[in-house]
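Notes for the one structure printed next.
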Amino acid sequence: MKYYVLFHEPGEVNEKAPLYAEAHRAWFEKFHRDGTLVMIGPFANAQEEGAMSIFTSREAAEEFARGDPFVLNGVVSNWFVREWDEVLVP
């Protein structure tokens with residue numbers, strides 16, 4: 001099955017994440033409800049390593065990133081999408 005991984009590079013995580021966390025959560029829950037967001041979360045050291053999200057389409061991943069309050073407000077400094085072929089399908 002083909003997925004699209006959105007990598008989120010860290011920006012001003014400690015300073016700004018608390019200010020925009022509620023709006024970010026509302027944004028990702030919208031994509032999860034519509035079935036295009038499969039998983040989302042930070043890496044263990046989010047301040048240095050960032051986070052990632054897995055989507056069912058490139059379009060959804062890019063739409064998410066372009067409107068994400070974390071991206072728009074500097075919590076995420078940069079993002080990019082990679083196509084991923086998952087092979088352990090249940």
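Just so you know, in the range 69-83 the residues that are of a type in the set (A, V, I, L, M, F, W, C) and surrounded by fewer than 16 Cβ atoms within 10 Å (Cβ to Cβ) include one that is farthest from ILE40 (Cα to Cα), and it is LEU72. Tally up the residues in the range 6-20 that are buried (at least 17 other Cβ atoms within 10 Å of the Cβ), among the hydrophobic types (A, V, I, L, M, F, W, C) and out of contact with any Ser or Thr (no Cβ under 6 Å at 6 or more places or on another chain), please. So the answer is 3.
Filtered by the rule that a residue be outside any helix (DSSP H, G or I) and either free of Cβ contacts under 8 Å to residues at least 12 places away in the same chain or crowded, with 16+ Cβ neighbours inside 10 Å (or both), the range 44-58 gives ALA44, ASN45, GLY50, ALA51, MET52, SER53, ILE54, PHE55, THR56.
Which of the following residues is within 26 Å of VAL87 (Cβ to Cβ), assigned to a loop (DSSP other than H, G, I, E, B) and at pLDDT 95 or above: GLY41, GLY74, GLY35?
Working: GLY41 fails: assigned to a loop (DSSP other than H, G, I, E, B); GLY74 fails: within 26 Å of VAL87 (Cβ to Cβ).
After ruling out the rest, the residue left standing is GLY35.
No other residue among ALA21, ALA61, ALA17 is more than 22 Å from GLU86 (Cα to Cα), touching a residue at least 24 places away in the same chain (Cβ under 8 Å), small (Gly, Ala, Ser) and not in a loop (DSSP other than H, G, I, E, B) apart from ALA17.
The values are calculated or read from the model by the stated rules, or taken from the named source; none is laboratory data. Predicted, not measured: the structure shown is a model, and the values here were computed from it. Please note: Cβ atoms are built from the backbone with ideal geometry, for glycine as well, and neighbour counts cover all protein chains shown.
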